[in-house]
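Visitor: Can you read through this structure? Questions will come right after.
The values are calculated or read from the model by the stated rules, or taken from the named source; none is laboratory data. As the structure is a prediction and not an experimental result, all values here were calculated from the model. Virtual Cβ from ideal backbone geometry, glycine too; neighbours counted across all protein chains shown.
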Amino acid sequence: MKKSISLILFILLSIAIQSCNDKKQTNQNNTTVVDSLPHQEIEETNEEIEENDPVEPDVTFPKRGNKIADFLPKLDIYEVQYEAEGDLNNDGLADIAAVLKHKQGNTLKRPMLILLQNEDKSYHLDKLSDVVMPAEYNDHDFKLYDTESINIENGELTIDLYSYGPSGTFLSKFKYVENDFILYYMETYFRGAGGRSGLYYDYEKGEITETETNTMKEDEPTTSQTSKAKTKKYLFENTSITDFYN
């Protein structure tokens, strides 16, 4: 009897072990691991990004000539955008101020030339500035100023930039003081929500006046503050009329 029980227990144990082995083998046979993101080869490239505006090369401006076109660089990258005529150095001869524009880019710098007339009616390049005139457009192809003008009168060169937007309005005057062509007078105006501000620079008085106007009130009250300006000459060659006070 004991032998029979032992034999039965042995048979049941063997069946249980075999069943476990079968399940283990089934799981092993049915399990598959799949990579959800298949491997891709990334190809490196050395392509350069093409810029919208051409690169400005170093240019040389002729020193003497008989007309404005004689002072354009030989690379033929500029054209005359604005010009004005009048006596700047009080010698009785008509001088020329000219603003040049790059032929292939509205966001590039605009050189400005001061050509003084000689006794023989020719001209010589007396002053050159790459910064006095701002670029015509910004990087988003937005024209910065609604109107622009230059003029020569009473020995002064005026450069006026008008904008009803965030660029502001700049009214500037340059004149010769001895041999230096300097910023002599400046007015700037900015409009914003609820007010407008102004700045007035006077070289002769050595003063800067700042004004603030509250346009939210009916009578538009204005406050002003005048302070002494720095004792320096803002030379035409390296003065940006839109940044000189920053």
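Visitor: Which condition breaks for Asp126 when tested against (1) in a strand (DSSP E or B); (2) surrounded by fewer than 16 Cβ atoms within 10 Å (Cβ to Cβ); (3) among the charged types (D, E, K, R)?
Guide: Of the numbered conditions (1) in a strand (DSSP E or B); (2) surrounded by fewer than 16 Cβ atoms within 10 Å (Cβ to Cβ); (3) among the charged types (D, E, K, R), the odd one out for Asp126 is (2).
Visitor: Tell me which of these Glu187 doesn't satisfy, since it passes every other one: (1) at pLDDT 90 or above; (2) of a type outside the set (Gly, Ala, Ser); (3) surrounded by fewer than 15 Cβ atoms within 10 Å (Cβ to Cβ).
Guide: The failed condition is (3).
Visitor: Quick check on my filter: what residues within region 172-188 are closer than 23 Å to Leu116 by Cα, among the hydrophobic types (A, V, I, L, M, F, W, C) and out of contact with any helix residue (DSSP H, G or I) (no Cβ under 6 Å at 6 or more places or on another chain)?
Guide: Answer for region 172-188, where residues must be closer than 23 Å to Leu116 by Cα, among the hydrophobic types (A, V, I, L, M, F, W, C) and out of contact with any helix residue (DSSP H, G or I) (no Cβ under 6 Å at 6 or more places or on another chain): Val177, Ile182, Leu183.
Visitor: Quick one: which residue in Asp35, Asp91, Asp53, Asp76 is more than 20 Å from Leu171 (Cα to Cα), assigned to a loop (DSSP other than H, G, I, E, B), out of contact with any strand residue (DSSP E or B) (no Cβ under 6 Å at 6 or more places or on another chain) and at pLDDT 95 or above?
Guide: Just a single option satisfies the conditions, and that option is Asp91.
Visitor: Within region 189-210, how many residues are closer than 15 Å to Gln225 by Cβ and among the hydroxyl-bearing types (Ser, Thr, Tyr)?
Guide: 4
Visitor: Every residue in region 155-194 that is assigned to a strand (DSSP E or B) and among the acidic types (Asp, Glu), please.
Guide: Glu156, Asp160, Asp180, Glu187, listed by residue number.
Visitor: Can Leu108 be described as among the hydrophobic types (A, V, I, L, M, F, W, C) and crowded, with 17+ Cβ neighbours inside 10 Å?
Guide: It is true that Leu108 is among the hydrophobic types (A, V, I, L, M, F, W, C) and crowded, with 17+ Cβ neighbours inside 10 Å.
Visitor: Looking at region 206-215, can you tell me whether even one residue there is assigned to a strand (DSSP E or B), of a type in the set (Asp, Glu) and surrounded by 15 or more Cβ atoms within 10 Å (Cβ to Cβ)?
Guide: yes
Visitor: Quick check, is Ser197 of a type in the set (S, T, N, Q), surrounded by 16 or more Cβ atoms within 10 Å (Cβ to Cβ) and either within 24 Å of the chain's Cα centre (by Cα) or not in a loop (DSSP other than H, G, I, E, B) (or both)?
Guide: Here the answer is no, as Ser197 does not meet what is asked.
Visitor: Return the only residue of Asn138, Asn179 being free of Cβ contacts under 8 Å to residues at least 12 places away in the same chain and surrounded by fewer than 18 Cβ atoms within 10 Å (Cβ to Cβ).
Guide: From the options Asn138, Asn179, the qualifying one is Asn179.
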